[in-house]
Amino acid sequence: MNGAIIVNKEKGYTSRDVVNKLNKILDTKKIGHTGTLDPLASGVLVCLIGKYTKLVPIITEKEKEYIAEIKLGIKTDTLDITGNVLEKSNIPKLSKEEIINVLNSFIGVYKETVPIYSAVSVNGKRLYEYARSGLEVNLPEREVFIKEISLISYEFDLIKFKVLVSKGTYIRSLITSICEKLNTIGTMNNLIRTKQGQYKIQNSYTLEEIKNGNYQLLKLEDLINLEKVVITDALAKKITNGNLINLDKEGYILFTKDGEEKALYNFQNKQGKLVILL
């Protein structure tokens, strides 16, 4: 089986849990996901099957949209509500205008501090391993991009907002920075990934639906903007061998022969590099 399924991940599962369950449901071992969601989070998880796992780096690069909820007056070690409470404070009285101004201040390039409870490696060790063993480590900083951010609602100690971000953005870290600008503390109370690239939560499937056969398996043309080209016999051998191909083309090209998909190439400066041999 080769293709992609847009999973609506439920709370309580890790992304790896979802892949493991899909392995059993679809009776195949080769499945990968394209962007980790914490157990607290739910929503869009793009899973690639079979040879399509080679598309993981391409799909992972796509921007992601979230609806996030902040609980004010509490700080935890994991930066979300599931963690150990480190600090509590009085709930501040904020205006919606103040919150909107702070949210808008994050639009553009944003330098985030990677949370210690994450899988990012520092000196060959995952950050969460430092956290669990109580070892000190300098948390890395990196630049990410906040494309859009808007307030959905604000009531007493809960702020809900929508945000569209680049790859590598930790919403837990963004929430911590938002609270700092609001001169208070807070933690992530809930998170839903509503979109990744063009893949929306409205077009996703729960594990139960997939188990019951109620899902759509996406193919290459559903996942990537590409052009189809019928290959000649002369090109067929080069493609089968995975050779570089020179054509007056740019972007992703799907080569077909006798109505069948044969290979996906990525052309840059008119030179194509094999992505998937089908």
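Which count do you get for residues in the stretch 171-222 that are surrounded by fewer than 18 Cβ atoms within 10 Å (Cβ to Cβ), part of a loop (DSSP other than H, G, I, E, B) and of a type outside the set (Ser, Thr, Tyr)?
Of the residues in the stretch 171-222, 8 are surrounded by fewer than 18 Cβ atoms within 10 Å (Cβ to Cβ), part of a loop (DSSP other than H, G, I, E, B) and of a type outside the set (Ser, Thr, Tyr).
Name the residue that is surrounded by the fewest Cβ atoms within 10 Å (Cβ to Cβ), counting only residues in the stretch 114-146 that are touching a helix residue (DSSP H, G or I) at 6+ places or on another chain (Cβ under 8 Å) and under 18 Å from ASP80 (Cα atoms).
So, considering only residues that are touching a helix residue (DSSP H, G or I) at 6+ places or on another chain (Cβ under 8 Å) and under 18 Å from ASP80 (Cα atoms), the one surrounded by the fewest Cβ atoms within 10 Å (Cβ to Cβ) is ALA119.
Within the stretch 22-78, can you find the residues that are at positive phi, free of Cβ contacts under 8 Å to residues at least 60 places away in the same chain and either in contact with a Ser or Thr (Cβ under 9 Å, 6 or more places away or on another chain) or not in a loop (DSSP other than H, G, I, E, B) (or both)?
Result: GLY50, single match.
Could you list, in sequence order, all residues of the stretch 50-76 that are more than 24 Å from GLU148 (Cβ to Cβ) and touching a Leu at 6+ places or on another chain (Cβ under 7 Å)?
Selection gives LYS51, LEU55, VAL56, LYS75, THR76.
What's the total number of residues in the stretch 41-64 that are more than 14 Å from LEU218 (Cα to Cα) and either of a type in the set (D, E, K, R) or modelled with pLDDT of 95 or more (or both)?
9
Hey, any hits in the stretch 242-250 for a residue that's over 26 Å from the mean Cα position of the chain (by Cα), surrounded by fewer than 19 Cβ atoms within 10 Å (Cβ to Cβ) and assigned to a strand (DSSP E or B)?
The answer is yes; a qualifying residue exists.
Within the stretch 182-196, is there a residue that is among the small types (Gly, Ala, Ser) and within 17 Å of LEU40 (Cβ to Cβ)?
Checked the stretch 182-196: at least one residue is among the small types (Gly, Ala, Ser) and within 17 Å of LEU40 (Cβ to Cβ).
Quick check on my filter: what residues within the stretch 58-94 are polar (S, T, N, Q), out of contact with any helix residue (DSSP H, G or I) (no Cβ under 9 Å at 6 or more places or on another chain) and more than 21 Å from VAL44 (Cβ to Cβ)?
THR76, ASN84, SER89, ASN90
Name the residues in the stretch 95-113 that are out of contact with any helix residue (DSSP H, G or I) (no Cβ under 6 Å at 6 or more places or on another chain), at pLDDT below 95 and under 13 Å from VAL163 (Cβ atoms), would you?
TYR110 - this is the single residue of the stretch 95-113 that is out of contact with any helix residue (DSSP H, G or I) (no Cβ under 6 Å at 6 or more places or on another chain), at pLDDT below 95 and under 13 Å from VAL163 (Cβ atoms).
If you go through the stretch 42-65 one residue at a time, do you hit one that is touching a Phe, Trp or Tyr at 6+ places or on another chain (Cβ under 6 Å), closer than 27 Å to TYR265 by Cβ and crowded, with 18+ Cβ neighbours inside 10 Å?
yes
The values are calculated or read from the model by the stated rules, or taken from the named source; none is laboratory data. Fair warning: this is a prediction, and the values are worked out from it, not measured in the lab. Quick reminder, even Gly has a Cβ in these numbers, built from the backbone with ideal geometry, and neighbours come from all protein chains shown.
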